[in-house]
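Colleague: Would you mind keeping the following structure in view while I ask a few things?
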There are 4 protein chains.
Amino acid sequence: MKNIKVGVIGMGRIGKIHFDNLKNQIEHVEVLAISDPFFTKNVGVPNISSEELIQHKDIEAVIICSPTDTHADYISLCAKAGKHVFCEKPHDLSVNRVLETLQEVRDSGVKLMLGFNRRFDPNFQKIRSLVQQGEIGDVHLLKITSRDPAPPSLEYLKSSGGMFLDMTIHDFDMARFIMGKEVGEVYAVAGAFTSESVQEANDIDTAVITLKYEDGTMAVIDNSRKAIYGYDQRLEIFGSKGMAKVDNNKPDTHVLYNEYGAHGALPLNFFMERYTMSYKVEMQKFIEALVDDQPLPISGIDGLKAMMIALAAQLSIAENRPVTIKEISEEKVGREYTEQIIVK
Amino acid sequence: MKNIKVGVIGMGRIGKIHFDNLKNQIEHVEVLAISDPFFTKNVGVPNISSEELIQHKDIEAVIICSPTDTHADYISLCAKAGKHVFCEKPHDLSVNRVLETLQEVRDSGVKLMLGFNRRFDPNFQKIRSLVQQGEIGDVHLLKITSRDPAPPSLEYLKSSGGMFLDMTIHDFDMARFIMGKEVGEVYAVAGAFTSESVQEANDIDTAVITLKYEDGTMAVIDNSRKAIYGYDQRLEIFGSKGMAKVDNNKPDTHVLYNEYGAHGALPLNFFMERYTMSYKVEMQKFIEALVDDQPLPISGIDGLKAMMIALAAQLSIAENRPVTIKEISEEKVGREYTEQIIVK
Amino acid sequence: MKNIKVGVIGMGRIGKIHFDNLKNQIEHVEVLAISDPFFTKNVGVPNISSEELIQHKDIEAVIICSPTDTHADYISLCAKAGKHVFCEKPHDLSVNRVLETLQEVRDSGVKLMLGFNRRFDPNFQKIRSLVQQGEIGDVHLLKITSRDPAPPSLEYLKSSGGMFLDMTIHDFDMARFIMGKEVGEVYAVAGAFTSESVQEANDIDTAVITLKYEDGTMAVIDNSRKAIYGYDQRLEIFGSKGMAKVDNNKPDTHVLYNEYGAHGALPLNFFMERYTMSYKVEMQKFIEALVDDQPLPISGIDGLKAMMIALAAQLSIAENRPVTIKEISEEKVGREYTEQIIVK
Amino acid sequence: MKNIKVGVIGMGRIGKIHFDNLKNQIEHVEVLAISDPFFTKNVGVPNISSEELIQHKDIEAVIICSPTDTHADYISLCAKAGKHVFCEKPHDLSVNRVLETLQEVRDSGVKLMLGFNRRFDPNFQKIRSLVQQGEIGDVHLLKITSRDPAPPSLEYLKSSGGMFLDMTIHDFDMARFIMGKEVGEVYAVAGAFTSESVQEANDIDTAVITLKYEDGTMAVIDNSRKAIYGYDQRLEIFGSKGMAKVDNNKPDTHVLYNEYGAHGALPLNFFMERYTMSYKVEMQKFIEALVDDQPLPISGIDGLKAMMIALAAQLSIAENRPVTIKEISEEKVGREYTEQIIVK
């Protein structure tokens, strides 16, 4: 079985995770180069310019972990160079830019996978498989709790596209993934309670988002940018045959009982620890699909659809009313394109 | 310390619970009579007509557990007769009728307590006290899960006033009780998924209701009329200093580990088992307040306010938009009265 | 269906529990009298001398809740008077005295039940039924954790017969009840770590007791007189088909997550709260058996057998060796009697 | 900071774990060679004979993962060659052989670490740190549950030295590690319930072992070779200030509630999954200690002491009596040597 040759653009926190997984944990892959002008450590492969990397004759696939505003350009270059792409979310903050590059990707015939890593988390995978095996029966309601331990910096917030596009987008994707059907309408309420930087960035940090699927079933997501007790990532599914939920992962299982109460560990602190496994499996699935020439588990359209939900949530907040995905899609994507791409 | 003399009208399921508690579990009270033409068992006190009971010269307080459509009339008679009232929820399905009897109660000087028994449940009491002690900090979000094990009969459904007024009203009251502040706006999505009788009654059985409090903080309630695994009554509170949640009560704590998995008990089946303690404490508090001539822990206004939220939720479903309590109140109660009674 | 008429001797903590249950919670029974010279409250029935109570012509059964050193005498008087007996454990601290009164009970034909109330606890009942239904398969090991929140007074300790006869005796009975077979050999290690009064009473307060059943399977009990976090009553069963365990009961189900950890409630504090249900069911089963003229669920022989195990544990500590029940029985009960009574 | 150069002897299940960790997960180390005649996969380093590996001029430390009966010889060769040693447990099944090689190790000045990997498990580390921080107060009792999912093959059993030396030895080491003090006396009961091969091997598969520490405090271990629900690795510590326990690790946190009950995942199946982290940290600590020229966290004496406890447990079973470590030590090690080495 052949090895896929890859290059990694961007060696920040997530880039390093992917690089280490590709190098040490995943079979049938070889990292030929990295590209990050600010990364000076020697990791055993050449650190070259992003253009050189994308044009590298032996590299078949490119892992894009650079800042968001470079994603679309790199995807575009990869499409032109005939290189498959794994791209960290979000694809881009502009719908038009996403649509353009999706078209380029489609025209070029390369494969594109968006990094919605949480789909590969063992907890959420278990829920998904319970749904698929019919253990929940007809599913009526999905509940997602997703809270970060602390808000990002003001600088980050300003270029993030807002909480829905930056953070909740994972939950919007999860809402599609678990239920296996499309969201039709969105209503959101939100506030900015946790920090001055959030207010200064004119962003929100706390929200409850209600989703109606096209068949009338429902999901509800609650977010906070600041859960003082750590990274809170839970999910519950309810239907005619049962209910299932997954709790947070913890660093250990201890409970201490003393005169003041029973005390246990807090959740694993943030995505690096919490989603270690899902980052690894996600990359494994990407490589496996390339090796076997199979469709990738997450597509660029998945990224676009999560984005539509986020935009609907933003509009819902702005106008305090439920907003349909169709409305967003027709406005942002165009009616024709909507039918072609979104409403398959 | 003197004993309060009471009579119980209605000896159905809840009437019997209250009667037994009053007779065996609660101090400083004496049951002088019951009234229920369909109840034939001898429980050691005379079973007389409701009018006789209300007019009984020694009876100081009346416990109303008869069908909903009799509540307002009995309250009215009690007010006229100068008898304190404990009345099972709901007060009445008509806002006007509620307002009328509240006025009569107010004019007569008797005390009226609505039976929102869940306020006295040890789990919810604990959450309330954590909030009051500041353990949650500034509270940003309340989440209530409230699911019944099975939908009521078609007959019941038809006279129930709909799920929001019949079932969710407990959760609306809880949303006020836990947060200690008033709801300003309501948005609800709902469906009828669980049974034909619900559809036939033109009712709903599954809902997600988002509440915005007047200060911008939020609550979200999710309901189902049919949780196949039993009576699901959970609650979570989230704020700047922490998060707390309470889980269901179970008949035992066993977990069985065998080759198929780890298996534990289901929640206590329904309100009779689940809220045994809260029914008892509720009645205890009613009697204690009468003995000490103190204000009752739940007032008729509390009943009215929960009803307003339910009406807002109904309208939200009907028109698929967020609805303010003010709007409901001004329409249903009248602007003047709203200011006088609701917006204190 | 007829009512059983009973009297209660001893209105201390446990006497009052039984009295309240008999009066308010249990059907087919009537309390005609109590007897306790130090109990002055009016509970609606006459407080008469123990002799009068036992001789009372209408009383059919006597509930003995007086101090331990009076139990055997009262049982003896009841046997002579033809009254059935419910007696709190222990029967007596002297094996001879137990044997004598058991003989009297047997000769008189009255029924005697020992108050091993924990057999009726929902948690332990669940484990027992899992064993009986074969869910555990061949049972290999039983583990019991039984810890009190605080050691009793020096005065109590001095007349208690020692920890094994006073406290662990419940666990010895549980070891027979859950497994449904007889203990053959005992080995115990122990220490006095928790208080000076335990040391002054020449008693122990911490122990691990290993039991070998006659078929070679095993149980292990661990005790402490002082668990600072409350009353710790857990049990685990292990066998060829699975393992099951029960945890402590708690006053509420809350968990609070803050920056310091996850915090929950401590176990219910002591036997009054923890075994509320088992006290009630125990008495219910006693009355039901009398009404139906059926055998009582716990016999005097059960009390004797638990006592034998306690004596074996005491000897094991004294001589630091495993001690067989046969050895204890032959020495204390006599070989002939052992075969007749103990080894059925 | 320099890199330690190592070689790995034995590439069976555990050898491969260590190799992968050394190669991919641990810093400051380089694997120069492996040695396993039955291992044919190319892992990027030469596969040479064990003698060549031990004599390899650049190799500073040897990781011994070969069959038990080769351990002592390889340790001996390493000592002569001046190579540090990490050796999987057990050192050897003969006390004399252990003593000989320990002397050689001591004389040569090389460092020897025994692979009691569980000391590095996050759960047990947490308990250890709670004890050390005084959160438990004076510790009175340690409880260890250690059950394998299935008994090994008859062939393995025959050369294993018996359950106590093969399996429980980890628990005996844990009993010393957690409590930080020495065991004085052992009493064990056991049976062979789970398989014919265990009986044929004249071994046991189920046991309860009581340990008395030299200061009178206690530990109790329960073992089974066959827990049908998986690998059961729990621990509880009890003392004057509190109790703490750790539960099993699970592959996910899901609970499914349906009409039959609440169902969750079983423990991680066996040591490969359960102790992934501890294998990694163990090797990390070994390498770090060599890099910094610090004492190793586990010594050869630790191996010997756990072995003494196992031998005492064996004798306890054989003679059905408590056995002191001193007795074992004087008989097996010699009085003089005991004082010199064991009783420091």
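The values are calculated or read from the model by the stated rules, or taken from the named source; none is laboratory data. These figures come from a predicted structure and were not determined experimentally. So basically every Cβ, Gly included, is an ideal-geometry build from the backbone, and we count neighbours across all protein chains shown. What goes into the accessible areas is simple: the full protein's heavy atoms, side chains included, and nothing from ligands, DNA or RNA. Shrake-Rupley method; radii C 1.70, N 1.55, O 1.52, S 1.80 Å.
Colleague: Check C:F86, C:F39 and return the single one that is among the aromatic types (F, W, Y), without any contact (Cβ under 8 Å) to a residue 40 or more places away in the chain and on the phi < 0 side of the Ramachandran plot.
Modeller: Values: C:F86 fails: without any contact (Cβ under 8 Å) to a residue 40 or more places away in the chain.
Sole residue among the options that is among the aromatic types (F, W, Y), without any contact (Cβ under 8 Å) to a residue 40 or more places away in the chain and on the phi < 0 side of the Ramachandran plot: C:F39.
Colleague: For the range D:148-163, how many residues meet the condition of being hydrophobic (A, V, I, L, M, F, W, C) and either assigned to a strand (DSSP E or B) or under 15 Å from the mean Cα position of the chain (by Cα) (or both)? Reasoning before the result, please.
Modeller: If we filter the range D:148-163 for residues that are hydrophobic (A, V, I, L, M, F, W, C), which is where we start, we get D:150, D:154, D:157, D:163.
Narrowing the set further to residues that are either assigned to a strand (DSSP E or B) or under 15 Å from the mean Cα position of the chain (by Cα) (or both) leaves D:163.
Going through the range D:148-163 one residue at a time, the tally reaches 1.
Colleague: Please list, ordered by residue number, the strands (runs of 3 or more DSSP E) wholly in the range A:176-273 having 3 or more residues that are touching a residue at least 24 places away in the same chain (Cβ under 8 Å) and away from chain D (no Cβ under 14 Å). Explain how you work it out, then say what you get.
Modeller: Working: elements: A:183-191, A:206-213, A:218-224, A:232-239, A:242-246, A:255-258, A:261-264.
Passing ranges, in order: A:183-191, A:206-213, A:218-224.
Colleague: Okay, moving on. When the residues of the range A:221-260 are filtered to those that are under 20 Å from the mean Cα position of the chain (by Cα) and open to solvent by 10 Å² or more (accessible area, probe 1.4 Å), which remaining residue is nearest to A:P322 (Cα to Cα)?
Modeller: A:E236
Colleague: Looking for something hydroxyl-bearing (S, T, Y) and either in the same structural domain as C:R176 (by TED's automatic domain parsing) or closer than 26 Å to B:E135 by Cβ (or both) - is there at least one such residue anywhere in the range C:279-288?
Modeller: Taking the range C:279-288 first, the residues hydroxyl-bearing (S, T, Y) are C:279.
Keeping just the survivors that are either in the same structural domain as C:R176 (by TED's automatic domain parsing) or closer than 26 Å to B:E135 by Cβ (or both) gives none.
Within the range C:279-288, not a single residue is hydroxyl-bearing (S, T, Y) and either in the same structural domain as C:R176 (by TED's automatic domain parsing) or closer than 26 Å to B:E135 by Cβ (or both).
Colleague: Same structure, new question: Among residues belonging to the range C:295-323 that are in a loop (DSSP other than H, G, I, E, B) and away from chain D (no Cβ under 14 Å), point out the one that is least open to solvent (accessible area, probe 1.4 Å).
Modeller: Within the range C:295-323, the first condition is being in a loop (DSSP other than H, G, I, E, B), and the residues that meet it are C:295-299, C:320-322.
With the extra rule that they be away from chain D (no Cβ under 14 Å), the set shrinks to C:295-299.
Details: C:P295: 104, C:L296: 29, C:P297: 56, C:I298: 1, C:S299: 41 Å².
Checked the range C:295-323; the qualifying residue least open to solvent (accessible area, probe 1.4 Å) is C:I298.
Colleague: A follow-up question, please. Check whether at least one residue in the range A:326-341 is at pLDDT 95 or above and surrounded by 18 or more Cβ atoms within 10 Å (Cβ to Cβ), and report yes or no.
Modeller: Checking the range A:326-341: not a single residue is at pLDDT 95 or above and surrounded by 18 or more Cβ atoms within 10 Å (Cβ to Cβ).
Colleague: When you look at D:V43, is it more than 25 Å from the chain's Cα centre (by Cα) and more than 25 Å from D:D107 (Cβ to Cβ), yes or no? Before the answer, list the steps.
Modeller: Details: more than 25 Å from the chain's Cα centre (by Cα): yes; more than 25 Å from D:D107 (Cβ to Cβ): yes.
Yes: the conditions hold for D:V43.
Colleague: Still on this structure: Output yes when any residue across the range A:164-175 is aliphatic (A, V, I, L, M), within 14 Å of another protein chain (Cβ to nearest Cβ) and more than 13 Å from the chain's Cα centre (by Cα), and no when none is.
Modeller: Scanning the range A:164-175 turns up no residue that is aliphatic (A, V, I, L, M), within 14 Å of another protein chain (Cβ to nearest Cβ) and more than 13 Å from the chain's Cα centre (by Cα).
Colleague: Considering the range A:20-45 alone, what residues qualify as being farther than 21 Å from D:F19 by Cβ and of a type outside the set (K, R)? Steps first, answer last, please.
Modeller: Of the range A:20-45, the ones farther than 21 Å from D:F19 by Cβ are A:32-42, A:45.
A:L32, A:A33, A:I34, A:S35, A:D36, A:P37, A:F38, A:F39, A:T40, A:N42, A:V45, listed by residue number.
Colleague: Going residue by residue through the range D:132-153, is there one that turns out to be more than 14 Å from every other protein chain (Cβ to nearest Cβ) and at negative phi? Before the answer, list the steps.
Modeller: First, pick out the residues of the range D:132-153 that are more than 14 Å from every other protein chain (Cβ to nearest Cβ): D:152-153.
Now drop any that are not at negative phi, which leaves D:152-153.
There is at least one residue in the range D:132-153 that is more than 14 Å from every other protein chain (Cβ to nearest Cβ) and at negative phi.
Colleague: Looking for something in contact with a strand residue (DSSP E or B) (Cβ under 8 Å, 6 or more places away or on another chain) and polar (S, T, N, Q) - is there at least one such residue anywhere in the range D:29-36? Walk me through it before giving the result.
Modeller: So in the range D:29-36, the residues in contact with a strand residue (DSSP E or B) (Cβ under 8 Å, 6 or more places away or on another chain) come out as D:29-36.
Filter once more, keeping what is polar (S, T, N, Q): D:35.
There is at least one residue in the range D:29-36 that is in contact with a strand residue (DSSP E or B) (Cβ under 8 Å, 6 or more places away or on another chain) and polar (S, T, N, Q).
Colleague: Let me ask something additional. Can you report the number of residues in the range C:274-294 which are more than 13 Å from chain B (Cβ to nearest Cβ), open to solvent by 40 Å² or more (accessible area, probe 1.4 Å) and either among the aliphatic types (A, V, I, L, M) or touching a residue at least 60 places away in the same chain (Cβ under 8 Å) (or both)?
Modeller: The number of residues fulfilling the criteria is 3.
Colleague: In this structure, is C:G216 open to solvent by 10 Å² or more (accessible area, probe 1.4 Å) and within 27 Å of C:S129 (Cβ to Cβ)?
Modeller: Yes: the conditions hold for C:G216.
Each row is one residue, and each column tells you yes or no for (1) at pLDDT 95 or above; (2) farther than 26 Å from B:D203 by Cα; (3) in contact with a helix residue (DSSP H, G or I) (Cβ under 7 Å, 6 or more places away or on another chain).
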| position | (1), (2), (3) |
| --- | --- |
| B:T253 | yes, yes, yes |
| B:Y257 | yes, yes, no |
| B:Y260 | yes, yes, no |
| B:F270 | no, no, no |
| B:R274 | no, no, no |
| B:E282 | yes, yes, yes |
| B:I287 | yes, yes, no |
| B:L290 | yes, yes, no |
| B:M307 | yes, no, yes |
